[in-house]
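Right, one structure below, let's go through it.
Only the coordinates and a few stated rules stand behind these numbers; no lab work does. Since the structure is predicted, the reported quantities are computational estimates derived from the model, not experimental observations. Cβ placement follows ideal geometry from the backbone for every residue including glycine, while neighbour counts extend to all protein chains displayed.
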Amino acid sequence: MISTAWDVNIGTVAAPTDFSTRVMSMNISQTVNVNVFGRGVATITLLNKDGALTPGGGGTYSSTDWFAQGVFISALTNIGAGDTTTQVFHGIITDFNLYDDGVFSTVTITAQDGYVVGGRTTAALNLFPSVSINYSFALQVYLEGAPGYGSVFFPLMGKTDPDILVTNLSGEELTVTTPATAFTGTFADIWQQGLIPAAADILWPTTIENKSGTEIEYRVNSTPATLTRLLANRVDFEFVPQSSVTGTKFPFDINDFTQEFNNDDLVTEAQYQGSYVGSAAITSTNTTGTSAYGSRTLAFTSTWLPDVATVTAMATNMTNRYSAAEFTPASLSLKASQVKAYCADAAHSQWYNLLGISSGLWQKASITWTGSGAVSQTATSCISGRQISVTPEDTVISLSLLNWTDNHSFILDTDILGGTGITYNQPEIIYDENGWIYDDANVEQGDRLG
């Protein structure tokens, strides 16, 4: 049987305090998507009947500066032979609410990921010449600060030297060009308006690590260009009815399973502008999409795209990917109690990977279900977010889902396109499991490449 418990630590990055026995409930929300800096937030209600957490109340933590503290949440899972610890959320406390009626008391804290907090830092004017640099290097530099822009003010949590670690999940590299014009805004503006859309990246915060000496390390996952994890960091999940659970499959609650059209995500017209000298906005229009749905416009006009060809390709990529309406799974939920009752021990690694902040997002999810009066269906989705609700009774994970075909790139010798007679019109993003890009031909659905 697969068992699940939780560990909640609050404090400095080097020596946080274990608050797990005080936790009455908690909710974790994490979201990711293309062209967006992913976000994470956790809300935790702590028992305070002894008054230890009451500010100024004379208890153990009465003088704690709560807004300088980190929150580190991990899942403890096992199949009977010791716990596997998986990091689920790391962040900084941004809100503190005390309830106290004189007899009973609780404290509810809210923590946000470190890049929400650090991204509020105002960036200085950049008056330096424009330079072309590798995208991952640009992330490494500008997530921490850069000459001419100043430093990002990350909470230090007992350390003195903030550092950044970028993990490139797609293995793809591309060039971006820094702007030569003056800039006014925050570092979050730089990341969201300039950097991330220049790579069509799926970027999200993961853990905050205690490094040796004076360093604290804020880590992020990046999935640029292809939107697709390389095989080495992919975990494919499969969800089926409880009666069909075998091997590494998970049960899910059909009552909490939803489907919907991807109407909110349609892009029939995309306008991009680069950072090169003399750049102008370039618009790609998918005429089939606009004829069917009208104009559904996406605009990024401050990107660090380096030249006309790259701007054009990026705009075209968006209208190729997202211009067709699809009826697709939108969400599903499962419980730790279901995993314990129905899953085989072989699913243990799948379970802790699903819970992991680094491994549980932007992964493939295959879902099989039977609707009322309908035949059995299987759809493939991409996990774009999750809500994790924890109480003493159970843990419930609700997954947000996107259409898989739109949100990943075709992998040679791995993916199979179903159906016939439809052109897979994204030739620039067909690649093999080693990351080699193929850009010389369209692919007909129904064919397997290899």
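The magnitude of the dipole of region 187-239, with charges of +1 and -1 set on the Cβ of Lys/Arg and Asp/Glu and taken from the Cα centre, is near 100 debye.
Dipole magnitude for region 187-277: about 400 debye, using +1 per Lys or Arg Cβ and -1 per Asp or Glu Cβ, origin at the Cα centre. Of the residues T85, A315, A270, the one whose Cα sits farthest towards the positive end of the charge dipole of the chain is T85 (charges of +1 on Lys and Arg Cβ, -1 on Asp and Glu Cβ, taken about the Cα centre).
Here the simple spin-label model places points 7 Å from the Cα toward Cβ, and for A14 and R120 these points are separated by 2.6 nm.
At full extension, S132 and D253 could sit 38.6 nm farther apart than now, given 0.36 nm per residue minus the alpha carbon distance.
As a proxy for reagent exposure, E269, E215 were ordered by neighbouring Cβ count within 10 angstrom, fewest first; the result is E215, E269. All other residues whose Cβ lies under 14 angstrom from that of Y322 are scored, Lys and Arg at +1 and Asp and Glu at -1, for a net of -3.
Please compare each pair in K211/K340; K49/K335; K49/K211 to a cut-off of 31 Å on the Cα-Cα distance and tell me which ones are over it. Check vs 31 Å cut-off fails for K211/K340; K49/K211. Annotation for D163 and E144: the two label points, set 7 Å from Cα along the Cα-Cβ direction, are 0.8 nm apart.
Across all directions, the shadow cast by the convex hull of region 1-140 built on its C-alpha atoms averages 13.1 square nanometres. Expressed as a fraction of 2.2 N^0.38 Å, the C-alpha radius of gyration for the chain is 1.04. Based on Cα contacts under 8 Å between residues 6+ apart, the chain shows a relative contact order of 15 percent. The stretch between T94 and K49, if pulled fully straight at 0.36 nm per residue, gains 13.9 nm over its current Cα-Cα span. Checking every one of the chymotrypsin sites (Phe, Trp or Tyr not before Pro) in region 43-109 against DSSP loop status and a limit of 14 other Cβ atoms within 10 Å picks out F104. Look at the dipole of the chain built from charges on Cβ: of T248, V390, A138, the Cα furthest out on the positive end belongs to V390.
Between S389 and M1, residue separation times 0.36 nm minus the direct Cα-Cα distance comes to 137.6 nm.
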